[in-house]
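Q: The structure follows.
The values are calculated or read from the model by the stated rules, or taken from the named source; none is laboratory data. Quick caveat: nothing in here was measured; it's all calculated off a predicted structure. Glycine also receives a Cβ, built like all others from the backbone with ideal geometry; neighbour counts cover every protein chain displayed. When the accessible area is computed, the model is the full protein with side chains, heavy atoms only, and any ligands, DNA or RNA have been set aside. Shrake-Rupley method; radii C 1.70, N 1.55, O 1.52, S 1.80 Å.
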Amino acid sequence: MNEQPGGPYPDLPYPDLMDRVVNLAKRRGFIFPSAEIYGGFRSTYDYGPLGVLMLRNVKDAWWRAMVQLRDDVVGIDAAILSSPKIWEASGHLANFTDPLVDCRHCHERWRADKIEGSCPNCGSTDLTEPRAFNLMFKTYAGPVEEDATVAYLRPETAQGMFVNFMNVLTTTRKKPPFGIAQVGKSFRNEITPQNFVFRTREFEQMEMEYFVPPDEADTWFHYWLDERMAWYLGLGIPEGKLRLRHHEADELSHYSAGTADVEFHFPWGWDELEGIANRTDFDLKAHAEHSGERLEYFDQASGERYVPYVIEPAAGATRTMMAFLLAAYDEDEIGGERRTVLHLDPRLAPYQAAVLPLSKNDALVPLSREVLGLLQPVAVCDFDVTQSIGRRYRRQDEVGTPYCVTVDFESLEDRAVTVRDRDTTEQVRVPIDRVAEELAGRLRR
Ligand code: GAP
């Protein structure tokens, strides 16, 4: 985490951007603090009606790029509750720890590597010696709480791919280079969850393990660095807010021969969105050793047998959604009126279109519903009849809806509607029987 000279967001007039986005997220139903009626619960969050749409779009965009548009990557969905044997083999039981210190004065707890010798709460330098704190959530499978029933909530989705390596290899007949992708929840008992959904104890990951011949690992590592940077840029993160940072040797995880982070310029400075690592053959070898199973690839053509190396692009879905919100947030003036607008890529916006009858008039609403029915198969739509049309445009701009489709009194005569563009506010008239095609065309990339 490094501060940029000039402070965060020197080019934006919102020093309080984070507050504005958190506020908007709550006010408009993207993200709510969890258990709010009971005073909240330890940095956990619930995704509301718009948040669930947007988060799904982030994950779908990732899946489309990483699985659907390729013929060398397949998906899985592994169990969240998992055997301690997995975490023993992967090294998580021994190594997945953060250094924890207590302040003897105010009794707050901190990650020793994130503070500089004094308590950020009270300033005291009377801190305990750091001790290793394992971040995995432990639970018991079944009614008896004893050593034999210990299970862990997975702290990463990655191990699901390694332990299923042979299952996937034999059922799909893929051969290296090929990948296994997974999107799902992970859990870490973070000492200091912070910055809204940037670091939480329950979060979603989008990870892919790409198995390659060992001598091709470096080439594929660089290939995935380029692919992943292009994914964020293609979905609207501006170039100036995205960078790649290669890890120093002393920063590397226990399994890594090389890692680079995709970093986003958050309001507090540059911080990680995704880690891309060359995990070597560490995981497959570790699981082979602990399970006694052979986890290798046998090339029948050449008679060669080897343990593939793994290149892993590992992203956070919830964290990435937050970055897309921060990057999209803007306030501008339209016709002398201020508005808040999310310039979200249409593929990420919760709604791709909103159908708005000009008024609640008895004749307009049925026609508007007919238009809604035509659009729903091609776009996720909102339907809003209350308040002035200007106010409704503002409400849609604020949640990033790229197109508003307005049904007015003329529509009853000419069977045409007005399509308004969120970013330019330009309006064009489109016949009702062509509006679905028009919208599908605009949304197709
Ligand atoms: N399998 C490798 C792995 O899990 P990681 O860097 O620990 O690597 C990958 O996690 C990504 O998951 C991070 O870049 C981040 O986007 C997301 N992530 C990790 N911990 C998180 C947390 N506590 N809250 C939200 N997202 C998190």
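Q: Kindly flag which residue pairs out of Lys59/Lys285; Lys114/Lys241; Lys114/Lys285; Lys59/Lys85; Lys85/Lys175; Lys85/Lys138 have an alpha-carbon separation exceeding 25 Å in this structure.
A: Pairs exceeding the cut-off: Lys59/Lys285; Lys114/Lys285; Lys59/Lys85; Lys85/Lys175.
Q: Oh, and also: Go through the range 93-98 residue by residue and turn each phi into a ³J(HN,Hα) via Karplus (6.51, -1.76, 1.60, θ = phi - 60°); whole Hz please, and just put x for glycine and proline.
A: 5, 8, 10, 7, 10, 10
Q: Note the full-extension length gain between Ser291 and Glu410 as 0.36 nm times their separation in residues minus their Cα-Cα distance, in nm to one decimal.
A: Extra length available between Ser291 and Glu410 comes to 35.7 nm.
Q: Determine ³J(HN,Hα), in whole Hz, for all residues of the range 266-280 in sequence, where each value follows from phi through the Karplus function 6.51 cos²θ - 1.76 cosθ + 1.60 and θ = phi - 60°; x replaces Gly and Pro.
A: For the range 266-280, the Karplus curve yields 6, x, 9, x, 6, 8, 6, 9, 7, x, 10, 10, 8, 8, 6 Hz.
Q: Would you mind telling me which residue in Thr386, Thr125, Thr425 has the biggest mean-square fluctuation in a Gaussian network model of the chain, where springs connect alpha carbons within a distance under 10 angstrom?
A: Sorting by GNM fluctuation, first place goes to Thr125.
Q: Continuing with this model, one more query. Among Ala112, Cys122, Ser82, whose Cα projects farthest towards the positive end of the dipole of the range 82-132, with charges put on the beta-carbon of Lys, Arg (+1) and Asp, Glu (-1)?
A: Farthest along the dipole direction, towards plus: Ser82.
Q: Using a 1.4 angstrom probe on heavy atoms only, work out the carbon and sulfur share of the accessible area of the range 226-346 in %.
A: On the way: 2150 of 4920 Å².
The C+S portion of the solvent-accessible surface of the range 226-346 is 44 percent.
Q: While we're looking at this one, here's another question. Arrange the peptides 57-67, 273-283, 249-259 so that the one whose residues have, on average, the most other Cβ atoms within 10 Å appears first.
A: Descending mean neighbour count gives 273-283, 57-67, 249-259.
Q: Would you mind computing, in nm to one decimal, how far apart the modelled labels at Phe41 and Gln387 are, each placed 7 Å from Cα along Cα→Cβ?
A: My value for the distance between the label points is 3.2 nm.
Q: Then there's this: Rounded to the nearest percent, how much of the accessible area of the range 71-180 (1.4 Å probe, protein heavy atoms only) is carbon and sulfur?
A: 49
Q: Going by Cα centres, the range 395-430 and the range 257-271 are how many Å apart?
A: 39
Q: How much accessible area per residue does the chain have, in Å², with a 1.4 Å probe?
A: Value for the chain: 48 Å² per residue.
Q: Follow-up. Could you check the spin-label model distance between Gln300 and Val144? Points 7 Å from the Cα along Cα→Cβ, value in nm.
A: Here the answer is 4.6 nm between the modelled labels.
Q: Let me ask something additional. Any idea how far apart Asp126 and Gln427 come out in nm if each label point goes 7 Å out from Cα toward Cβ?
A: Label at Asp126, label at Gln427, 6.9 nm between them.
Q: Within the range 118-137, which residues have the backbone N less than 13 Å from the label spot 7 Å out from Arg104 along Cα→beta-carbon, could you tell me?
A: 124-130
Q: Just from its helices, what would the mean residue ellipticity at 222 nm be for the chain, if runs of 4 or more DSSP H residues each count -39500 (n - 2.57) and the sum is divided by every residue, rounded to the nearest 500 deg cm²/dmol? Working shown, then result.
A: Details: 13 runs with 131 residues, N = 445.
For the chain, the value works out to -8500 deg cm²/dmol.
Q: If one computes the Cα centroid of the range 281-348 and of the range 10-53, what distance in Å separates the two points?
A: Each part reduced to its Cα centre gives a spacing of 23 Å.
Q: I'd like the distance between the alpha-carbon centres of the range 136-173 and the range 224-242, rounded to an integer number of Å.
A: Value for the Cα centre distance between the two parts: 32 Å.
Q: By residue number, which cysteines of the chain lack any other Cys whose Cβ falls under 4.7 Å from their Cβ?
A: By the Cβ distance rule, which asks for a partner under 4.7 Å, the isolated cysteines are Cys381, Cys404.
Q: How do Met18, Met321, Met166 stack up against each other in accessible area, from largest to smallest, with a 1.4 angstrom probe?
A: These residues rank, largest area first, as Met166, Met18, Met321.
Q: Now a separate question. For the chain, with a Gaussian network of springs between Cα atoms less than 10 Å apart, report the residue from Val168, Val144, Val310 with the top mean-square fluctuation.
A: Highest fluctuation of the listed residues: Val144.
Q: Using 1/(1 + (r/R0)^6) with R0 = 30 angstrom and r between the beta carbons of Ala230 and Asn164, what's the FRET efficiency to the nearest 0.05?
A: Efficiency for this residue pair is about 0.60.
Q: Given springs between every Cα pair under 10 Å in a Gaussian network model of the chain, which of Gly373, Gly48, Gly142 has the largest fluctuation?
A: Evaluated over the chain, the most mobile residue of the options is Gly142.
Q: Can you send over the carbon and sulfur percentage of the accessible area for the range 366-445, probe radius 1.4 Å, protein chains only?
A: Carbon plus sulfur share of accessible area: 47 percent.
Q: Working out 0.36 nm times the residue gap between Tyr223 and Lys114, then minus their Cα-Cα distance, what length gain in nm do you get to one decimal?
A: 36.0 nm
Q: Between the helical axis of 282-291 and the dominant principal axis of the chain, each derived from Cα atoms, what acute angle in degrees is found, rounded to the nearest 10?
A: The angle comes out near 60 degrees.
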